[in-house]
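Q: Take a look at this one; I'll ask things after.
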(Lines give C-alpha, C1' and ligand atoms only; values in the text may rest on other atoms or scores of the structure.)
Protein backbone atom coordinates (compact mmCIF):
# COMPACT_ATOMS: atom_id res chain seq x y z
CA UNK A 1 0.00 0.00 0.00
CA UNK A 2 1.51 3.30 -1.09
CA UNK A 3 1.87 5.96 1.57
CA UNK A 4 0.57 9.45 0.96
CA UNK A 5 3.16 11.99 -0.11
CA UNK A 6 0.86 14.95 0.53
CA UNK A 7 2.09 17.20 3.27
CA UNK A 8 0.02 18.21 6.27
CA UNK A 9 -0.65 21.71 4.97
CA UNK A 10 -2.10 20.36 1.72
CA UNK A 11 -4.23 17.85 3.64
CA UNK A 12 -5.56 20.40 6.13
CA UNK A 13 -6.24 22.92 3.36
CA UNK A 14 -8.23 20.28 1.43
CA UNK A 15 -10.16 19.56 4.64
CA UNK A 16 -10.99 23.25 4.92
CA UNK A 17 -12.43 23.28 1.39
CA UNK A 18 -14.48 20.16 2.11
CA UNK A 19 -15.90 21.49 5.39
CA UNK A 20 -16.81 24.89 3.94
CA UNK A 21 -18.25 23.20 0.84
CA UNK A 22 -20.54 21.03 2.97
CA UNK A 23 -21.80 24.09 4.85
CA UNK A 24 -22.46 25.89 1.56
CA UNK A 25 -24.41 22.88 0.27
CA UNK A 26 -26.64 23.05 3.36
CA UNK A 27 -27.62 26.60 2.44
CA UNK A 28 -28.33 25.58 -1.16
CA UNK A 29 -30.73 22.72 -0.45
CA UNK A 30 -34.32 22.96 0.74
CA UNK A 31 -34.64 19.26 1.58
CA UNK A 32 -34.63 18.93 5.40
CA UNK A 33 -33.26 15.36 5.35
CA UNK A 34 -30.42 16.39 3.04
CA UNK A 35 -29.68 19.40 5.24
CA UNK A 36 -29.38 17.17 8.31
CA UNK A 37 -27.21 14.63 6.49
CA UNK A 38 -24.90 17.40 5.25
CA UNK A 39 -24.74 18.95 8.73
CA UNK A 40 -23.86 15.57 10.24
CA UNK A 41 -21.13 15.06 7.63
CA UNK A 42 -19.76 18.57 8.22
CA UNK A 43 -19.81 18.01 11.97
CA UNK A 44 -17.85 14.78 11.66
CA UNK A 45 -15.28 16.40 9.36
CA UNK A 46 -14.81 19.44 11.58
CA UNK A 47 -14.39 17.34 14.73
CA UNK A 48 -11.97 14.87 13.11
CA UNK A 49 -9.94 17.71 11.60
CA UNK A 50 -9.75 19.58 14.91
CA UNK A 51 -8.70 16.51 16.88
CA UNK A 52 -5.99 15.62 14.34
CA UNK A 53 -4.62 19.18 14.47
CA UNK A 54 -4.59 19.19 18.26
CA UNK A 55 -2.98 15.77 18.41
CA UNK A 56 -0.16 16.18 15.91
CA UNK A 57 0.08 19.63 14.33
CA UNK A 58 -0.24 21.88 17.36
CA UNK A 59 2.56 20.24 19.38
CA UNK A 60 4.96 20.69 16.44
CA UNK A 61 3.74 24.23 15.81
CA UNK A 62 4.22 25.11 19.49
CA UNK A 63 7.74 23.69 19.49
CA UNK A 64 8.96 25.03 16.14
CA UNK A 65 7.27 28.42 15.59
CA UNK A 66 8.07 31.55 17.57
CA UNK A 67 5.00 32.45 19.66
CA UNK A 68 3.46 29.22 18.44
CA UNK A 69 2.08 28.37 21.88
CA UNK A 70 0.00 31.57 21.97
CA UNK A 71 -1.34 30.96 18.46
CA UNK A 72 -2.20 27.35 19.32
CA UNK A 73 -4.04 28.47 22.44
CA UNK A 74 -6.09 30.84 20.26
CA UNK A 75 -6.79 28.02 17.80
CA UNK A 76 -7.99 25.75 20.61
CA UNK A 77 -10.36 28.50 21.77
CA UNK A 78 -11.73 28.66 18.22
CA UNK A 79 -12.13 24.86 18.17
CA UNK A 80 -14.11 25.19 21.41
CA UNK A 81 -16.40 27.80 19.82
CA UNK A 82 -16.92 25.56 16.80
CA UNK A 83 -17.81 22.59 19.01
CA UNK A 84 -20.28 24.65 21.03
CA UNK A 85 -21.99 25.75 17.82
CA UNK A 86 -21.98 22.17 16.51
CA UNK A 87 -23.76 20.98 19.67
CA UNK A 88 -26.42 23.66 19.20
CA UNK A 89 -26.80 22.65 15.55
CA UNK A 90 -27.27 18.99 16.51
CA UNK A 91 -30.14 20.01 18.79
CA UNK A 92 -32.12 21.97 16.19
CA UNK A 93 -34.51 20.47 13.66
CA UNK A 94 -33.29 21.03 10.11
CA UNK A 95 -36.65 22.61 9.19
CA UNK A 96 -36.33 25.20 11.95
CA UNK A 97 -35.19 28.71 10.89
CA UNK A 98 -32.58 28.55 13.65
CA UNK A 99 -30.89 25.69 11.79
CA UNK A 100 -29.74 27.88 8.89
CA UNK A 101 -28.82 30.69 11.29
CA UNK A 102 -26.54 28.27 13.15
CA UNK A 103 -25.08 26.96 9.88
CA UNK A 104 -24.21 30.54 8.90
CA UNK A 105 -22.73 31.20 12.36
CA UNK A 106 -20.66 28.03 12.07
CA UNK A 107 -19.50 28.98 8.58
CA UNK A 108 -18.42 32.42 9.82
CA UNK A 109 -16.46 30.85 12.67
CA UNK A 110 -14.88 28.34 10.33
CA UNK A 111 -14.03 30.97 7.70
CA UNK A 112 -12.21 33.01 10.35
CA UNK A 113 -10.30 29.99 11.65
CA UNK A 114 -9.37 28.86 8.13
CA UNK A 115 -8.16 32.34 7.22
CA UNK A 116 -5.91 32.46 10.31
CA UNK A 117 -4.39 29.10 9.48
CA UNK A 118 -4.00 29.47 5.74
CA UNK A 119 -2.79 33.07 5.59
CA UNK A 120 -0.55 33.07 8.66
CA UNK A 121 0.08 29.76 10.40
CA UNK A 122 0.53 27.37 7.49
CA UNK A 123 3.23 29.53 5.86
CA UNK A 124 5.03 29.72 9.23
CA UNK A 125 4.79 25.94 9.63
CA UNK A 126 6.21 25.38 6.13
CA UNK A 127 9.19 27.66 6.94
CA UNK A 128 9.84 26.06 10.34
CA UNK A 129 9.52 22.36 9.50
CA UNK A 130 11.24 20.25 6.85
CA UNK A 131 9.30 18.94 3.87
CA UNK A 132 9.85 15.38 5.11
CA UNK A 133 8.38 16.19 8.52
CA UNK A 134 5.40 17.90 6.89
CA UNK A 135 4.71 14.72 4.89
CA UNK A 136 5.12 12.63 8.05
CA UNK A 137 2.70 14.93 9.88
CA UNK A 138 0.29 14.50 6.99
CA UNK A 139 0.36 10.73 7.42
CA UNK A 140 -0.24 11.07 11.15
CA UNK A 141 -3.13 13.48 10.62
CA UNK A 142 -4.77 11.15 8.08
CA UNK A 143 -4.43 8.21 10.48
CA UNK A 144 -5.79 10.25 13.40
CA UNK A 145 -8.87 11.31 11.43
CA UNK A 146 -9.76 7.64 10.93
CA UNK A 147 -10.10 7.03 14.70
CA UNK A 148 -11.02 10.51 15.96
CA UNK A 149 -14.43 11.32 17.41
CA UNK A 150 -17.15 12.28 14.92
CA UNK A 151 -19.34 14.27 17.28
CA UNK A 152 -18.64 17.44 19.23
CA UNK A 153 -17.53 17.06 22.84
CA UNK A 154 -17.14 20.65 24.05
CA UNK A 155 -16.63 19.58 27.66
CA UNK A 156 -13.55 17.54 26.73
CA UNK A 157 -10.06 19.05 26.92
CA UNK A 158 -8.39 20.16 23.70
CA UNK A 159 -5.12 18.48 24.61
CA UNK A 160 -2.73 16.00 23.07
CA UNK A 161 -2.82 13.84 26.23
CA UNK A 162 -6.62 13.62 26.20
CA UNK A 163 -6.76 12.73 22.52
CA UNK A 164 -4.05 10.05 22.90
CA UNK A 165 -5.78 8.36 25.83
CA UNK A 166 -9.50 8.94 26.29
CA UNK A 167 -10.08 10.35 22.81
CA UNK A 168 -9.57 7.00 21.09
CA UNK A 169 -12.39 5.47 23.13
CA UNK A 170 -14.61 8.48 22.50
CA UNK A 171 -14.00 8.08 18.76
CA UNK A 172 -14.93 4.41 18.92
CA UNK A 173 -18.16 5.17 20.81
CA UNK A 174 -19.05 7.96 18.34
CA UNK A 175 -18.56 5.61 15.40
CA UNK A 176 -20.70 2.95 17.05
CA UNK A 177 -23.44 5.53 17.68
CA UNK A 178 -23.14 6.69 14.07
CA UNK A 179 -23.46 3.15 12.75
CA UNK A 180 -26.42 2.27 14.96
CA UNK A 181 -28.29 5.47 14.16
CA UNK A 182 -27.38 5.60 10.46
CA UNK A 183 -26.11 9.14 11.13
CA UNK A 184 -23.25 9.16 8.65
CA UNK A 185 -21.67 6.56 6.43
CA UNK A 186 -18.01 5.64 6.09
CA UNK A 187 -16.88 7.09 9.39
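The values are calculated or read from the model by the stated rules, or taken from the named source; none is laboratory data. No experiment lies behind these values; they were computed from the predicted model shown. Here the Cβ is made from the backbone with ideal geometry for all residues, glycine too, and neighbour counts use every protein chain on show.
Q: Restricting to the stretch 35-87, what's the tally of residues that are at positive phi and buried (at least 19 other Cβ atoms within 10 Å of the Cβ)?
A: So the answer is 0.
Q: Which condition from (1) closer than 22 Å to residue 26 by Cα; (2) at pLDDT below 95 is the one that residue 76 breaks?
A: So the condition that residue 76 fails would be (1).
Q: Could you check residue 102 against (1) under 23 Å from residue 138 (Cα atoms); (2) crowded, with 18+ Cβ neighbours inside 10 Å and say which number it fails?
A: Answer for residue 102: the failing condition is (1).
Q: Determine if the stretch 104-119 includes at least one residue that is free of Cβ contacts under 8 Å to residues at least 24 places away in the same chain and over 22 Å from residue 18 (Cβ atoms).
A: No, there is no match, as no residue in the stretch 104-119 is free of Cβ contacts under 8 Å to residues at least 24 places away in the same chain and over 22 Å from residue 18 (Cβ atoms).
Q: Based on what the data block shows, is residue 56 touching a residue at least 40 places away in the same chain (Cβ under 8 Å), assigned to a helix (DSSP H, G or I) and within 14 Å of residue 26 (Cα to Cα)?
A: Answer is no for this residue.
Q: Inside the stretch 1-30, can you point out the residues that are touching a helix residue (DSSP H, G or I) at 6+ places or on another chain (Cβ under 9 Å), part of a loop (DSSP other than H, G, I, E, B) and surrounded by fewer than 21 Cβ atoms within 10 Å (Cβ to Cβ)?
A: Matches in the stretch 1-30: 3, 4, 5, 6, 29.
Q: I'm trying to understand the selection: among the residues of the stretch 69-103, which are in contact with a helix residue (DSSP H, G or I) (Cβ under 7 Å, 6 or more places away or on another chain) and either free of Cβ contacts under 8 Å to residues at least 12 places away in the same chain or not in a helix (DSSP H, G or I) (or both)?
A: Once the filter is applied, which keeps residues that are in contact with a helix residue (DSSP H, G or I) (Cβ under 7 Å, 6 or more places away or on another chain) and either free of Cβ contacts under 8 Å to residues at least 12 places away in the same chain or not in a helix (DSSP H, G or I) (or both), the stretch 69-103 yields 69, 92, 93, 94, 95.
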